[in-house]
């Protein structure tokens, strides 16, 4: 029995589902512009991305926002080939006319010959009329006697082709009134392939957004949905209560009587290569304004840019062009903030650019101009949910320090640093466990001492940069003789998906002997001030974990599984099993392979959807449970997206919700994995598991089953159709004993795809989905 015959029953899983292919075909958003709007307004938003054809719905997190689809532009643009040729011809004609007008305007009049006889009449030369002789036909027709000459065939009518009509687009209106520069901009947008957006931002969707007057202000997430691909990745969208302004485009006609821009306001723009965006604003003397850019907070990571975000520079100048304030960051946040005391009434210019003059369509930004109370309402302190306030001028009467009290260990005793403790002789005595709140006030080193015993495991962890402190800590543990027992500069904390410099220190050490030990904490660059605050935890290990799930949008057909990845950050050396479970999920959802085994920090699982299509995305919550000592710890699973920074680095960026889109396909059969326990595969041997499908429908499609990214040493050896169901046989080599993982089996089929060039069809191999995850372990024979 060949493989096709043995597996034919499996095709019942995928009938009608080929329109919803694998993740490679899922729709994607590259940017949203403008990335926000004001309460109580209606406006248009441009969304650029890939695989957006057929987009039919817009979703926002939260309530109070509605949107409708206005237009879609495919990757090859709005114009067909004939329209492109027509536009090129018109642009050339109009450009020639403009150049002729310019030449004639600058052309000096020709010199006039002197008149020798003013009284002589001016007459035109007389040309004698001549008759035009008739031209006989070259070959007169020969007519036989007794016959009638044949009628001369009529000339075919001249058919005038219909004129080529260009689409009614704002950029193509009033071409005859455009300047040469504007004509060039039209050419670049519609005809210059080198200057048109490339994938993954070469498809454009225009939507109309209405924000209710009472909609909650702050950050939302926007997603699109297509019938074939499902939900897109989320993009940041901000709701404000301030007037919103947009930078003018090349095609906007300046108003005759422009209204001066005033504060408060929000400025929206896109930075293009070499561009410096300028805004003229009228301000009143005595105003204390926060001018805060949002760019990296909108798009945290840009895959093919170095650095991997907009590194904005923000300035303000007076009417003479004198620069009054400059900033290129907000502490360690790349989005700059200016704290500006307006010196006098007048006109000012706000400028924004990338630090190295990069630019592209997805270099989207928003600049908030408001006083301090308004800004705190809009964006309370916090990463990704707002902007923290650093370096506030002293005359504002505000003391802003990083919030160092929230270090997640409320059960541990607290203590404060007691100065002086900047020498080993003056080391501050502490009793373990403790969390100490301190500050490196100058280029000093803070010392703490404690008594330890042989074999004690001690954790010393600094919490500073992750809370906004300027401290780049170095932590050392020495014995009483001054010998360094352990030290650390930077410790990567994978909980912090938006942080790229993990400057906080961490030590976990088993003490080698009884005696006095000293902890030293200092700044790596020997700097210090009242902004170099820290919390230092010194305690036995506090076993714990945190969990993320990616992607934040899962697209699956009804009743079928989709692949998810759950990642764990294990804390203080804990390495046990973590069970993942659905939390209050609608009926019909289930997880496959829902355990992160000891020794692994992430694992791919499957999430199977109910067998009914849903018109709306469904928000799903998961939680992880683990037994640590004599207690059970439960932690929520945070939705996130795995995104690339600067060509190489991957980061899990938190999202507000995990959304599941159930679309496409027919109602699916039920897939039952008969072996509920983890499948034990002998090292160097084989093991089988059985899948039952109810009901089974034979559909004659060529299919194959393959393991998707399996762990090293494990292969799918055979698949057989038996009376009990589909039997899958797995083999393990003898070099990977102890491997614990999930196996994801992916089903492929071949379909006929029309070839427009030849008029025939060609075979194309496509993924038809995956089976529920199969937990496995390689054990000794």
Go through segment 705-715 and count every residue that is outside any loop (DSSP other than H, G, I, E, B) and either assigned by TED's automatic domain parsing to the domain that holds residue 603 or buried (at least 17 other Cβ atoms within 10 Å of the Cβ) (or both). 2
Expected single match for surrounded by fewer than 16 Cβ atoms within 10 Å (Cβ to Cβ) and more than 32 Å from the chain's Cα centre (by Cα) among 418, 434, 459 is 418
Residues satisfying the stated conditions in segment 703-721, i.e. closer than 23 Å to residue 563 by Cα and at pLDDT below 85: 703, 704
Here the residues within segment 308-320 that are surrounded by fewer than 20 Cβ atoms within 10 Å (Cβ to Cβ) and in contact with a strand residue (DSSP E or B) (Cβ under 8 Å, 6 or more places away or on another chain) are 313, 317, 318, 319
From the set of residues in segment 225-235 that are assigned to a strand (DSSP E or B) and touching a strand residue (DSSP E or B) at 6+ places or on another chain (Cβ under 6 Å), which is nearest to residue 44 (Cα to Cα)? 235
Just for strands (runs of 3 or more DSSP E) wholly inside segment 515-608: which have at least 1 residues that are more than 30 Å from residue 450 (Cβ to Cβ) and touching a strand residue (DSSP E or B) at 6+ places or on another chain (Cβ under 7 Å)? 544-550, 553-556, 561-571, 578-583, 590-592, 602-608
As an exercise: evaluate residue 737 against (1) outside any strand (DSSP E or B); (2) within 34 Å of the chain's Cα centre (by Cα); (3) crowded, with 16+ Cβ neighbours inside 10 Å and give the number of the one condition it does not meet. (2)
What do you reckon, is residue 42 modelled with pLDDT of 85 or more and surrounded by fewer than 18 Cβ atoms within 10 Å (Cβ to Cβ)? yes
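The values are calculated or read from the model by the stated rules, or taken from the named source; none is laboratory data. As the structure is a prediction and not an experimental result, all values here were calculated from the model. With ideal geometry, Cβ positions are generated from the backbone for all residues, glycine too; neighbour counts draw on all protein chains shown.
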